[in-house]
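Here's the structure we're looking at; comments come further down.
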Amino acid sequence: MSVATPSASSPEATSPTVPAATASNEPQGAATMDQFVMQYLQSRGHESAAKAVAEAIGAGELPSSTLSVEELLKKIAVFADKSGTSSENTYKEAMKIVQELAASGTTHNIKSVIMNIGPEGAEDVLALNPDDKREGFRELEAWVEGSLDMYRPEFRPILYPVFCHFYLDLVQLGFKDAAQGFFDAFSPSIEAHHSQSFAWLTSIRLPHHVQSDLQAQRLRNEKYIIQISRSGFDLLVGWLTEGVGGEAAGLGDGFSGEQGKRGRAAVMRVINNHLKFIAAPSNVSSSDVSWEESTGLLTSLIPQASKTAPLTNPNAFNARGGELKLGPLPMSEDLRAETEKALREQALGDPSIQLDPNVLRPNLPPNVIAPEVVDLPPHPSTFKTMDIQREVEKVRDARKGIRLDPSSSNIAARLPSICAYTLHDVPEGSPCCAFSPDTSLMAAGFEESYIRLWSLKGEPLNGMKSDFQVKPIRDSSSLGKIRERNGSPTRKLIGHSGPVYSVCFDPMNGSAAPPRYLLSSSVDATARLWSLDTMTNVVAYRGHQNPVWDTDWSPMGIYFATASRDRTARLWSTDRVNSLRIYAGHLSDVDCVKFHPNSLYLATGSSDRTARLWDVQKGSSVRVFIGHQGVVSTLAFSPDGQYLATAGEDLAINLWDLGSGKRIKKMTGHVASIYSLAFSAESSLLVSGGADWTVRCWDVKGAGGLLEKSHTNGMVNGTGSKNHVGERQEKNETGDLLATFPTKRTPIIKAHFTPRNLCLVAGPYQAPGGK
Amino acid sequence: MPTGKQKAAKASASGLYKAESVKDVAESLNIPSLPDHIASALASDVEYRIYQVVEEAARFMRHARRTTMTTADVDNALRVLNIEPLYGHSGHNNPTFRRALPFSHLPSSGTVYFVEDEEIDFDRVLKEEKLQLPPGVRWTAHWLAVEGVQPLVPENPPAVPREDTAGPSTRTNGAGVPVRAQQQNALVKQVLSRELQLYYSRLTAALLPPAPDPAKRSAALASLRNDAGLQALLPYIVRWVGEGVVGALKEGAQSDVDGRTLEVLLDVIAALLDNASLFVEPYLHQLLPPILSVLLHSTLPYAHSARLRRHAAATLSRILTQYSTTYPSLAPRIMKTLLLALLSPDKARGTRDGAVRGLVGVGKDAVRRGLVDAGGARVVGEDLMPGEDGGLGDAVVDALRTLCPQSARPMPVDAGSELDARLREVMGEYFADRLAGDRDWAAAILGEA
């Protein structure tokens, strides 16, 4: 639904209303760049050069006339600011010039500008008076807050874009003081819902900031989409045109008078130009977080197909993405036969083992498509002994693992046992930490550019001697001779030239044997592969132009993905130094990356506050998850492949259904950044750790929703849900928070479930009193 | 020239970075008179650029899993923004700013700050204690939670008592135990109501012998046995019982009154154990001493002694059967006390008698361990004159009977046989004589079926 004509003038006429703002912002295709050049030259006083450029691009009068209109209007605006009340003569003069220009000008833009200025134009120019915006916003806010409870959640999202546009308008027109005043007056009420979006706005203070700031340009050039119900929309239109409607009885009759009208017109202009309303399902207000998914500058966040009309609803895109193959990782028939044989042999040796013949053919839940071997990225067709051992071990782990079920009545079965690994004496902080799948090794990357490896079993980590002859090495025993002796159970891996932001052990050996490779990524724009046989760096993968924030191995090894500040994620295979695929589409840094358990898909989380799911092979985005109000800092797939959990700087954890791309629920309770998420093997329990020095357990299947009362987690652990600052817990914990386990002063940078369902967490201890 | 009012407005508009700072910088660059509007515009722009850098630095901070921004973050941000980083600033030595003394001859110059540059005295540095190199990063592991419960180990933060324990927590607990535990928690802060205080004083008055009315006493005991809602009083009653027993025994416990007092107190304990709505377990450690004192005290009033000891033994046995599952160390602890009383030399007969009865109360295994395996019977037998009857001797024989009933048609042990020798060795002369009449029984007691 597009905005119906709310005002007396027709929408065609009003659409490019705010003259200065629109004219300078209207993207004029290829001419934009030229225009910038012209503007620059002119601003520097190189009139002749500007002329030359203009002639060179063969559109002599056109851009220059456009510019003069802009500049003129800007001058008028500044004048209006200075004089306070407008002097009619000046305006009339200005109008005359504008009309003359209009006579000569031919572009559509100028025409429309002039048309607007026409009879009502003077009023529009008057409307540049900053007080109108202030007045208009005050009235809008009063109207929204005064509206009926059932409409208020629908109306509230309107405030933020109107606020931003007003502020930018004021800045762009040079009313710096007015902009500041406007911001000071109204930011507190907006901040409650959009605290994350505010910092960028305050910094914009000069017109050219508006031009250069990406966020501001997005706001200017894209439609801000708001879901609103039909009746709510009618009320809004009624209020904009008549000044009444929607508010509860007794709250006065809207705003009237000349100034009120002008303020309303200012609101209407923004709504016409920059907002797009789409029909909401009958009742938006059912939950107060649903607006997050369908509000904002969505058009650029949602990947657009080239020909079709722009999508404004993430659900529409997700529906178009087609069905996903979310079944478990397929296994080749040969490997399965061999593994079954090995399992049978084991079962013969130990009569206590009940061998389930279908253990390797898991039952699929309905509506889940299992991928075939051919769907996977290419892997060697043969398998090794280690593969069989891994699969056998997987079966054993499943049999021996702890079973966790949050819905069970038995307390012991509801919550996991958590073992905390605390790093001491970390000088600068440890950005990342990882546990090997067999829990024999722990690695941590440090800001001092090195990686430290520990054997959790206390075994020595021996590399190879560097001085040896290749010739005498014939078999494994002679290879063992060149192995170092008397190693210590910890080892430093040096190679990066900047803080190491992620480390990841290769999953190929599963829990059957220690991993052979380690992957790391760093600010030096490389990802590095380390051999744990030789304890040396084997490959440096260069390709990203910017810091690499995150890496993850494919669940079958060989392939891995990286996420970088250059707004791309890339797929690599260990044996090539060039990337195989580039996943581009995010509007900002890709902060985290994770493979789906069946390695067909890849999830990325980004600073543009969205997460996406990519088809690994095709390189195309198949799902987009919109709803976070902050940077998506970490994510995790459930082992059953059905869900994705993402955590953001808005301190919320969102749970998404991969199949439909819809948000299942929002889980809140953390009071500082969330650094790591991990699902239990049954996918029924989610563990999160963060900068608030706590580990929290969440019920994946349970109903969420904020609790009315301050929530105590119901466990008799006596720890309570206190955060470290000792404040009373805010009432932002959702009902599915099962338990909170505080540590003394350890931010949890990694949460990890072993194959046997024991939870391991790690973090550096922060000594009190400074660093 | 802007008027003062306009100037004030400008200052408020220019945000965090003031136009004055720009002017100061301009002056340091030898641009003495920078127009106000240029300074203000520059200040705004500087603020915008600072914001850009800080936003970029914040990404590095976030990815470094920190909540404080360091100079390294800013350096990295500058690098990716293609700006030469500011060298020479590290997080390890923060520059400190000092305020200069105001210039008296130039009051317009305002406050001047400068970076402190400490002079380092070489001699002093050399004499100073050498710094130890940090040991390097190491890790420790501990249990943050075991099956959902946070153990109270030193690595974990101390538990914080919660304000509203009773309300929402009962909601989640299906099992009974946690609810009981929460009642306990609630007790801590509970103030005894007036009614309960009154009840307590009436109860204690009705129970003790000075109030001779047996009807009243039995009513009080019945109330203790059946009434719900006495949980709050439990600690007080338990303490009262303990003090009562100590008081009665301290005075030598020869009088009849003392005997009756002890009987009543034992009745009270039994009644408390009977009451299904009371949660006695946390008070066991306070209840056991009175019981054991009564059981093992050397001199009880003669008329009451056998009854008291039997009663105490029965109560002990009740506690054991009721709580040994939830409190597995209970039985061993009681056993230890009883064995000590039974076996150590120079114990009064009464004590030994009580110990034997106690062992019977603990169970068959305890009797075998105490009397046979540990040689309790032999020790007791040495105290008794051959041929002496009744009292202690009978108690031991009774205890032995619980091990194995006497045979219907007793056959005497053949004197001089292997069994006889063993019997004398294990049980001592006195009891060997008493057991010699029944061969099968003796064999069974010795464990030689």
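Since every read-out is calculated from the coordinates, none of them should be taken as a lab result. Source: prediction; values computed, not measured. A quick note on method: Cβ atoms are made from the backbone with ideal geometry, for glycine too, and the neighbour counts reach across all protein chains shown.
A few notes on this one:
- Mean projected area (nm²) of the alpha-carbon convex hull when segment A:430-503 is viewed from all directions: 6.1 nm²
- Convex hull volume of the C-alpha atoms in segment B:276-380, normalised per residue: 98 Å³.
- Model label sites at A:S332 and A:N363, defined 7 Å from Cα along the beta-carbon direction, differ in position by 3.0 nm.
- For segment A:665-704: rounded, prolate or oblate by the Cα gyration tensor [a/c cutoff 1.5]: oblate
- Spatial extent of segment B:328-449: Rg and Dmax, with the Cα atoms as the point set, Å: 13.8, 44
- Placing a pseudo-label 7 Å from each Cα along the Cα-to-Cβ vector at A:S409 and B:R307 gives an inter-label distance of 4.6 nm.
- Listed values for segment A:594-600 are Karplus-derived 3J(HN,Hα) couplings in whole Hz (6.51 cos²θ - 1.76 cosθ + 1.60, θ = phi - 60°), namely 8, 7, 5, x, 9, 6, 8, and x replaces Gly and Pro.
- Close amide H contacts of A:Y675 (hydrogens built in the peptide plane, cut-off under 5 Å, sequence separation of 5 or more or a different chain): A:G689, A:G690, A:A691.
- Using 0.36 nm per residue and subtracting the Cα-Cα separation, the extra length available between A:S189 and A:E323 on full extension is 44.0 nm.
- Rel. contact order, % - alpha carbon contacts under 8 angstrom, at least six apart, segment B:328-449: 25 percent
- Legend: ranking of residues A:M508, A:M386, B:M69, A:M442 from fewest to most surrounding C-beta atoms inside 10 Å; resulting order A:M386, B:M69, A:M508, A:M442.
- Distant-in-sequence amide contacts of B:L144, defined by a placed amide H-H separation under 5 Å and a gap of 5 or more residues or a different chain, comprise A:I418, A:C419, A:A420.
- Cα pair count fraction exceeding 21 Å, expressed as % - segment A:318-421: 55 percent
- Residues whose amide H comes within less than 5 Å of that of A:L148, counting only those at least five positions distant or on another chain, are A:A248 (H built at 1.01 Å from N in the peptide plane).
- Counting only other chain Cβ atoms within 10 Å of each residue's Cβ, the peptide A:425-433 averages 5.
- Full-extension gain in nm, B:T321 to B:S201, via 0.36 nm per residue minus C-alpha separation: 40.0 nm
- ³J(HN,Hα) computed for each position of segment A:163-168 - Karplus, 6.51 cos²θ - 1.76 cosθ + 1.60, integer Hz, glycine/proline x: 4, 4, 5, 4, 4, 5
- Each residue in A:L148, B:L278 was given a count of other beta-carbon atoms within 10 angstrom of its own, and listing them fewest first yields A:L148, B:L278.
- Taking the average, over residues, of other Cβ atoms within 10 Å as the packing measure, peptides A:335-348, B:362-375 rank B:362-375, A:335-348 from highest down.
- Ranked A:C433, A:C504, criterion: other C-beta atoms within 10 Å, fewest first: A:C504, A:C433
- Entries in A:K276/A:K662; A:K223/A:K618; B:K250/B:K347; A:K465/A:K492; A:K325/A:K701; A:K223/A:K594 that, when Cα-Cα distance is taken, lie over 20 Å: A:K276/A:K662; A:K223/A:K618; A:K325/A:K701; A:K223/A:K594
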